[in-house]
C-alpha cells in the first residue's frame, strides 16, 4: 500500500497492525482482540481524515500511484471491450484509449485518458498527456458512436494536454477546440466522469457532455495548482495555496453548477478497493444512461448548449 | 562612394538604445528600435513604418480600422466580479480595479456592430484587449462572445472575432475553463444559422482562446509574425528541455502547418475581410 504524506497517522497504525498480526501468526500470543481494536481504530481514523481533506490533499489523492485508471474501470464495468486505435491521420495516441464495449448487454463507446501503473507504462502512456492525435481519435470514435447511436462515456484523468513541439505543430489547440465544438452538438448521449485529474483544455477536450460527474477525490479546473503557483506567485512553492484558491474540489465544482454531481469513493479512496469503486461507478453509469435515454434525443443538443451557455459569473450594470 | 552612402539601415551607434523619447509624439518600435513620428505610425495602421512590425493595438483601434464610421459598441454593461475571492499576490478584485483604471476598458473584450466596406456588409466584431489582464478570458469575455453570437443570429450579421490573449483567466478558475465550452457551443448555433465567422489571430493568441473560438473560424486568418499556440513557449521549453526552433509558434509556421487560411497585413485587413465576407455572404 502506498500512503500519502498526510496519511502518516494511518500508515503508522498499519505498521502496528502488521506487527500484531505477525506476532499472532507466530502463535506466541493471541492477538485477535487487539487486532480487531486496531482495525476499528484505523477505520475511525481514516474516516475523520478523509472527511476533512484539504484541496491539496484531494489533488494528491487524484494522483495516487495506485489509483484506478480508465482500463481498470473498463475491465470491471463493461464486457466485450474492443479497443479501437488511431486517428486515421498521424498515429495512435496511447494517452487516450477508446473502444466499444457492452454495458448490461447494450453497446457503448468508451473514451478515456490512460495513465500507467509503473514507470515503463507511464512513459508509454505519456503520463496521460494526450497529443492532438489522441483528441482526433476520440472525435473519430465519437462520430462513429453518433452514427450507430451508441452513448459515449468519457473517463477524464489528465495533468493536461501534452505541451510539446510536435503537439503544437500538429495543432493541439485546434484538436481540442474542434472536439469541444463537435461534442457540444454530437447527436448521441455523452456522459463524462472525472476519475482523477481534470486539468484544463486537456480534460475538456473529451469533457463536454450531457452530464459531467466527478469522483470524490478528484479535481477539475483551468490549470494545475503547480502551474498556477508558478504563474501567479512566480514560484513553485505555493501549490497548496493555489489549490485552495482555485476551489477545484468536486464539492466546489458542484456548488458552482459546473458539474452535475459527485460520485462517492470507497473509504480510503478509489485505490483502496478497485472492485467496490467500479461497482459504484457501474451503477451510476447505468442509472444515468437510463435517465438520459428517457429524456430523449429531441432536445438533447439544445439542452446541452443551453447548459454551457449559462456557465459564467459576472455583474450586469444598470444602463 | 560608400563614404556618403549608408550601407546598413539605421544609425549604427549605440545611442539609439539610450535615447528616451516623450510619449505622444514619437513611436519607438519594439522590434527594430527605430523611432518614427506618432502620426506616421498611426497612418501606417499602427505598424512600424520602418520594419512593418505590427504593434499590439486595442479593440478601439481595430474597430476604427475595420468598420465603416458609425458603428455601435454593445454590451458594455457586463463587468467581472471576484466571486471566488481569489487572492494570489494581489486580490483579483484589486487587479480588476487597476486594470479598469489603467486601460479605461471594462474587460478584456469589446463588441461592436456596424458595417464593412462599400457594400455595407453587416458585421459584428468581438475584439480582445491584451492590455486588460493579458487579454485573459474569464466569464465576461465568454458572455460577451455568447451575446455577440446571439446578436449576429438575431440581426443577421457576420461575425469577426479578433483574438489577442494569454489564455484563460486563472483567477476565475473553472469558470474561465468553461468559457471554452460556452463560446464553442454558441458558435455551433451561428453555424446552424448559416452565418459566416472569421477568426483573426493577432499577437499573441495562446492557451484557452486558441483552444476554442480562435481555431474555429469558417476562415482562420492572422496578422504577420503573431505568436500563436496552445502551450506557452516557456512551458514547452521546460517540458522538452531544449531550445525552441526559430519561427516556432508564429503565424507563418501555423500557416505552414495547415491551421491558417491566410496571413493578412494590417493595411490590407479591411479590404481582405470585406472581400472574404462578400464571398461567404450573409444569407
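The values are calculated or read from the model by the stated rules, or taken from the named source; none is laboratory data. As the structure is a computational prediction, the values presented were derived from the model and not from experiment. Using ideal geometry, Cβ is built from the backbone for each residue, glycine included, and neighbour counts are taken over all protein chains shown.
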Exclusive hit being in contact with a strand residue (DSSP E or B) (Cβ under 9 Å, 6 or more places away or on another chain), at positive phi, surrounded by 17 or more Cβ atoms within 10 Å (Cβ to Cβ) and in contact (Cβ under 8 Å) with a residue 24 or more places away in the chain, set A:171, A:134, A:112, A:160 = A:160
Looking at this structure, is residue A:200 over 10 Å from the mean Cα position of the chain (by Cα), without any contact (Cβ under 8 Å) to a residue 40 or more places away in the chain and within 11 Å of chain B (Cβ to nearest Cβ)?
-> no
Please verify whether region A:42-52 includes one or more residues that are touching a residue at least 12 places away in the same chain (Cβ under 8 Å) and either under 22 Å from residue A:193 (Cβ atoms) or touching a strand residue (DSSP E or B) at 6+ places or on another chain (Cβ under 7 Å) (or both).
-> yes
Residue check for residue A:251: under 24 Å from residue A:73 (Cα atoms), within 20 Å of the chain's Cα centre (by Cα), within 14 Å of chain B (Cβ to nearest Cβ) and in a helix (DSSP H, G or I) = yes
Right, residue B:62: touching a strand residue (DSSP E or B) at 6+ places or on another chain (Cβ under 7 Å) and either under 25 Å from residue A:248 (Cβ atoms) or more than 14 Å from every other protein chain (Cβ to nearest Cβ) (or both) or not?
-> yes
Filter region B:86-109 down to the residues that are part of a loop (DSSP other than H, G, I, E, B) and in contact (Cβ under 8 Å) with a residue 40 or more places away in the chain, then identify the one that is surrounded by the most Cβ atoms within 10 Å (Cβ to Cβ).
-> B:108
Residues in region A:228-246 that are in contact (Cβ under 8 Å) with a residue 12 or more places away in the chain and surrounded by fewer than 21 Cβ atoms within 10 Å (Cβ to Cβ): how many?
-> 4
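Quick one: which residue in B:45, B:41 is under 19 Å from the mean Cα position of the chain (by Cα), touching a residue at least 12 places away in the same chain (Cβ under 8 Å) and not in a helix (DSSP H, G or I)?
Only one candidate qualifies: B:45.
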Residue identified as within 25 Å of residue A:282 (Cα to Cα), at pLDDT 95 or above, within 21 Å of the chain's Cα centre (by Cα) and buried (at least 24 other Cβ atoms within 10 Å of the Cβ) among A:96, A:180, A:176 = A:96
Is there any pair with a first residue in region B:249-267 that is facing another protein chain (nearest Cβ under 10 Å) and a second that is assigned to a helix (DSSP H, G or I) and surrounded by fewer than 18 Cβ atoms within 10 Å (Cβ to Cβ) whose Cβ atoms are under 7 Å apart and which are 6 or more apart or on different chains, and what are they?
-> B:249/B:233
Kindly indicate whether any position in region B:166-182 is in contact with a strand residue (DSSP E or B) (Cβ under 8 Å, 6 or more places away or on another chain), more than 11 Å from chain A (Cβ to nearest Cβ) and in a helix (DSSP H, G or I).
-> no
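Determine, yes or no, whether residue A:258 is at the interface with another protein chain (Cβ under 8 Å from one of its Cβ atoms), closer than 28 Å to residue A:78 by Cβ and either without any contact (Cβ under 8 Å) to a residue 60 or more places away in the chain or in contact with a helix residue (DSSP H, G or I) (Cβ under 7 Å, 6 or more places away or on another chain) (or both).
Working: at the interface with another protein chain (Cβ under 8 Å from one of its Cβ atoms): yes; closer than 28 Å to residue A:78 by Cβ: yes; either without any contact (Cβ under 8 Å) to a residue 60 or more places away in the chain or in contact with a helix residue (DSSP H, G or I) (Cβ under 7 Å, 6 or more places away or on another chain) (or both): yes.
Answer is yes for this residue.
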So which residues in region A:174-185 are in contact (Cβ under 8 Å) with a residue 60 or more places away in the chain and farther than 18 Å from residue A:258 by Cα?
-> A:185
Test residue B:189 against the stated conditions and say whether it is surrounded by fewer than 24 Cβ atoms within 10 Å (Cβ to Cβ), on the phi < 0 side of the Ramachandran plot and assigned to a loop (DSSP other than H, G, I, E, B).
-> no
In region B:194-207, is there at least one residue being surrounded by fewer than 24 Cβ atoms within 10 Å (Cβ to Cβ), within 10 Å of chain A (Cβ to nearest Cβ) and in a helix (DSSP H, G or I)?
-> no
In region A:269-319, what count of residues is obtained for those that are surrounded by 12 or more Cβ atoms within 10 Å (Cβ to Cβ), in a loop (DSSP other than H, G, I, E, B) and more than 14 Å from chain B (Cβ to nearest Cβ)?
-> 3
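Among the listed residues B:131, B:158, B:112, which satisfies the condition of being touching a residue at least 60 places away in the same chain (Cβ under 8 Å) and over 20 Å from residue B:54 (Cβ atoms)? Talk me through it step by step, then tell me what you get.
On the way: B:131 fails: over 20 Å from residue B:54 (Cβ atoms); B:112 fails: touching a residue at least 60 places away in the same chain (Cβ under 8 Å).
Within the list B:131, B:158, B:112, the selection yields B:158.
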Starting from residues that are in contact with a helix residue (DSSP H, G or I) (Cβ under 6 Å, 6 or more places away or on another chain) and not in a helix (DSSP H, G or I), keep the ones in region A:1-28 and report whichever is surrounded by the fewest Cβ atoms within 10 Å (Cβ to Cβ).
-> A:3
Which of the residues belonging to region B:133-163 are surrounded by 24 or more Cβ atoms within 10 Å (Cβ to Cβ) and more than 14 Å from chain A (Cβ to nearest Cβ)?
-> B:135, B:152, B:158, B:159, B:160, B:162
